[in-house]
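Some notes on the structure that comes next.
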Amino acid sequence: MVLPLMKLGTLLVKTISKPLASQLKHQAKVHPRFRQSIINFAQRNHRVTTQIQRRIYGHATDVEIRPLNEEKAVQAAVDLIGELFIFAVLSLSTLLLPTLHLLHNYLIYSLAHAKEKNIKNNV
């Protein structure tokens, strides 16, 4: 019973977070300071990724890595931000669901215990 509800909840959270990620992507393309910061982030990510790939394939790592053009950098960073946002929301929901379930059980137990105590005191 709990597993289908968790899957439904996860699907709901993912459905809700996708439009938020799209809005975040749009703001990243429009806002000038945010745009510049994500371009810098994308260029750094490109350099690190390229160096790692070159090491894995056994190529020289002391060569100059050409930077991405501005539009490719923005698109790469915006895609990464959107995916990270969705991943963060799903991870947070996955971590919070068991905690909320435990809290719910504790509250039910506390209420039942309080009612039982109240009945004993009244008798």
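Observations on the structure shown:
- Helix 70-122 vs. the chain, principal-axis angle (Cα, 0 to 90°, nearest 10): 10 degrees
- Assigned charges on the beta-carbon of Lys, Arg, Asp, Glu; the range 2-122 dipole about Cα centre (debye): 220 debye
- The C-alpha atoms of the chain define a longest principal axis, and helix 2-30 lies at about 40 degrees to it.
- Top positive-direction residue, dipole computed over the chain with Cβ charges, set Leu24, His104, Ser37: His104
- Taking the Cα centre of the range 51-118 as reference, the dipole from Cβ charges on Lys and Arg (+1) and Asp and Glu (-1) amounts to some 380 debye.
- Gain upon complete extension [Ser22, Lys115; 0.36 nm per residue less C-alpha separation]: 28.6 nm
- FRET efficiency for Ser37 and Leu12, using Cβ-Cβ distance with R0 set to 22 Å, rounded to 0.05: 0.10
- The chain, helix-only ellipticity at 222 nm - DSSP H runs n ≥ 4, -39,500 (n - 2.57), divided by all residues, nearest 500: -32000 deg cm²/dmol
- Net charge dipole, the range 1-51: roughly 160 debye, given to the nearest 20, about the Cα centre with Cβ charges of +1 for Lys and Arg and -1 for Asp and Glu.
- Positive-end extreme of charge dipole, the range 2-122 - chosen from Leu92, Pro67, Asn121 (charges on Cβ): Asn121
- Taking all pairs of distinct alpha-carbon atoms in the chain, Kirkwood radius in angstrom: 18.7 Å
Every read-out reported here was derived from the displayed coordinates using simple, explicitly stated rules and does not represent laboratory data. Bear in mind the structure is a predicted one, so any value in this text is a computation, not a measurement. Positions of Cβ are generated from backbone atoms using ideal geometry, with glycine treated the same way; all protein chains shown enter the neighbour counts.
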